[in-house]
Amino acid sequence: MKHGLLLLFLILPALPSFGSEPVIIRDSTRSYDLFAASELLVVPAGKVSIDDLLQRPGSYRFTPTRHDLIRPYDRQFGYWFRFSVTNQTAGSLFLHLVYAGTERIDMYEFESGRRVSEHRLGTLRAERTFTSRKSTQYSPMTTRRGQTSVFYVYMEGVYTTSLMLFGRSLPNLLEVQHRHDLFYGLYYGFILIVIIYSLVMYVRLRVQSYVRYAIWVLFVGLQLALFRGHLNEFLWAHNPAIERYGTGLAGVTGLLHILFTLSFLKLRLIAPLYYRIGIGVFVLYSLGLFVNLVSVAVGSPTGQQLDFVPQIALLEGVYSLVAGVVAWRRNFRPALYYILGNLAFFASIFVFLTYAAGRLPHRFWTYESIHLGSGIEITLFMLALAYKVNLLKKEREQAIQERIQALQENERLVSQQNLMLEQQVGLRTAELRKEQQRSEELLLNILPDEIIHELKQNGASRPRRFEQVTVLFTDIQNFTKVGERLSPEALVSEIDYYFRAFDGILSRYAIEKIKTIGDAYLCAGGLPVATTDNAQEVVRAALEMRDFMLRSQQERQATGQPGFGFRIGIHTGPVVAGIVGVRKFAYDIWGDTVNTAARMEQHGEVGKVNISEVTYQLVKDQFRCHHRGKVTVKNKGELDMYFAEEPVTV
């Protein structure tokens, strides 16, 4: 143990002296490429630790870092990066790892041979071990002004050759992070707006392509969110290994792209051969996706994934372009936007792969090229869908117009040949309409409008129970004696005079006339359409009827003519209403409420509106009422009764 510590003490002072020159950070407003200035050591995954490098420096040979030395998706290799940084600024510095998809990152900082900091990052680290976000990984440097530090960075489980490392000041880091946050916010907002718009268009137009397009756009957004570490950060923070299934998510997106292609380009109608080829590519894609998911779930002994999805994706891309060209050449014009969208996305992939291979500099447009290309592709596909919908709309309108023209021509021919017959039919139709109108008017005088509609639609009307109906009974006092002094014609004329007046009064309220029996008049509020204020309506109408009868009685007495005295009774409660029989049917009501209303009328007084306790409780705030006390009623016992006198004035 002592010999090991002595050896470590002798080795540590020599750590900063390696082949590459230190990166001198002078300007706090710019970033410094540490990846290009670093040295690389490729080792078996998990086999070489920092202590091994420190204790046996001669056993490991670092070489200048090159992109082609990094093998993505191969977890049997790990990568040690070594570089030194000299701080010539007055502020703090940060080590910024641009790509957030690496599974394991161990960072060590040495100053004058002494380990001054150690940070462990990566997507497989639990969220609580981080001080930074999943989607952007960085760690502070302890290097102060005028000091030089040596950094060892170990990476394992990488998914790209573009493992960019930058030295940044705090203002520069915040500026870069703000720019990227703004861009991603706009991008994901754009994705959400497109999805909502597509679903709204589907609801309005019922075009299935909009649903397939919305689902595909959703998975494009999820795929790129996983690609940048946002899914790990916001959705699956407790399952960091989800990134290993990134190829699977890309495969699902590709399958949805094929389904959208087959549907949008109408290949089954336009090019059946290419439709069958598309089905074959879909099956092949599904098999490749299945193999990849099983490989990730089971795990390969070598650490490598069995991944054929990229090759199949390339085949699917070629197929999509060819199918789009075929559809366009067969006069399906929306295919042009589809072709341009695919070309834009493939161009963005080419830019990113060239950047990942180290042949293009790290710039915003190179690093975010796939996001930019997918945004252009989504926009062009949306334009293609709109073009297709407008085309279908025009085709439908043209077909309708042609059909209208054909019908108009046929109508013109028939009109010329049968002009006389049509005139006769027109006259007869007018007569029938008049008869029908008269019949409907007559029917409306017998049955409520709602019951008529029900009879027309169903051929029958089922009885209904109404929980709150206000029933009004009125009849003539001593009708038999008064009638003996009048001829039958005069008697009927007198009754008709009053009942017509009652009908006119009811027409101003939501009250249904039920029937007349001799000198009795029965009506009810709250049916056939239930209302909550029917008690107030009926009492108000009853007071108008009372006033009319009193005025009429005074006028007749002044001229020496006989007058009639009417009693009015009102009660509120449940009834059953409907029509019965098949001949001479009429709308009627049944129930104890009707009987109680009749008792209210029988125990009333001429020129008074006698209401029950139930009705009184419903109208007492709107009408001034006089309590008569309890009145003995046959088969009912003692009932509280009230005279409704006049509305309450505010």
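The values are calculated or read from the model by the stated rules, or taken from the named source; none is laboratory data. Remember, it's a predicted structure, so these values are computed and weren't measured experimentally. Using ideal geometry, Cβ is built from the backbone for each residue, glycine included, and neighbour counts are taken over all protein chains shown. Ligands, DNA and RNA are excluded from the accessible area calculation, which covers all protein heavy atoms including side chains. Shrake-Rupley method; radii C 1.70, N 1.55, O 1.52, S 1.80 Å.
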Point to revise | Under Karplus coefficients 6.51, -1.76 and 1.60, residue-wise ³J(HN,Hα) of segment 113-121 in Hz, glycine/proline x | key: x, 10, 6, 10, 7, 8, 9, 10, 10
Exercise for review: Taking all protein chains together and a probe of 1.4 Å, list D106, D519 from the most accessible to the least accessible.
Suggested key: D519, D106
Study note, to complete from the structure: The Cα extents of segment 82-121 along the principal axes, largest first and rounded to whole Å, are 31, 21, 15
Check your understanding: Taking amide hydrogens as modeled 1.01 Å from N in the peptide plane, which residues meet the under 5 Å criterion relative to D74, leaving out close sequence neighbours?
Key -> V158
Exercise for review: Would you work out the charge dipole size for segment 489-578 about its Cα centre, treating the Cβ of every Lys and Arg as +1 and the Cβ of every Asp and Glu as -1, and quote it to the nearest 20 debye?
Suggested key: 140 debye
Study note, to complete from the structure: In terms of the charge dipole of the chain, which places +1 on Lys and Arg and -1 on Asp and Glu at the beta carbon, the residue among L186, S295, I25 farthest towards the positive end is I25
Revision key, fill the gap. In whole Hz, the Karplus estimates of ³J(HN,Hα) for segment 487-497 (6.51, -1.76, 1.60; θ = phi - 60°; x where Gly or Pro) are 6, x, 5, 5, 4, 5, 5, 5, 4, 4, 4
Study note, to complete from the structure: Residues whose built amide H sits under 5 Å from the amide H of Y587, excluding neighbours closer than 5 in sequence, are none
Review point. What value, in deg cm²/dmol to 500, does the helix sum -39500 (n - 2.57) over DSSP H runs of n ≥ 4 give at 222 nm once divided by the residues of the chain?
Key: -17000 deg cm²/dmol
Study note, to complete from the structure: The answer for the chain, accessible area per residue at 1.4 Å probe in Å², is 53 Å²
Revision key, fill the gap. Honestly segment 550-637 on the Cα gyration tensor test (a ≥ b ≥ c root eigenvalues; a/c under 1.5 rounded, otherwise a/b vs b/c for prolate or oblate) is just oblate
Point to revise | Full-extension gain in nm, E411 to Q561, via 0.36 nm per residue minus C-alpha separation | key: 47.3 nm
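Rounded to two decimals, what is Rg over Rh for the chain when you use alpha-carbon atoms and the Kirkwood radius?
1.33
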Exercise for review: State the volume of the convex hull built on the alpha-carbon positions of segment 22-68, expressed per residue in Å³ and rounded to an integer.
Suggested key: 121 Å³
Revision key, fill the gap. Rounded to the nearest 10 degrees, the helix 369-417 long axis (Cα) sits at an angle to the longest Cα principal axis of the chain of 30 degrees
Practice item. Report ³J(HN,Hα) in whole Hz for each residue of segment 208-214, in order, from the Karplus equation J = 6.51 cos²θ - 1.76 cosθ + 1.60 where θ = phi - 60°; Gly and Pro get x. Key: 4, 4, 5, 5, 4, 5, 4
Point to revise | Listed peptides 395-401, 603-609 by packing density, highest first (mean Cβ within 10 Å) | key: 603-609, 395-401
Review point. Local charge sum around L491 (other residues, Cβ-Cβ under 13 Å, Lys/Arg +1, Asp/Glu -1)?
Key: -3
Check your understanding: Once amide H atoms are built 1.01 Å from N in the peptide plane, which residues 5 or more positions from Y138, or in another chain, come under 5 Å H to H?
Key -> L97
Exercise for review: Could I get the Rg over Rh figure for segment 350-412? Both from C-alpha atoms, Rh via Kirkwood, rounded to two places.
Suggested key: 1.55
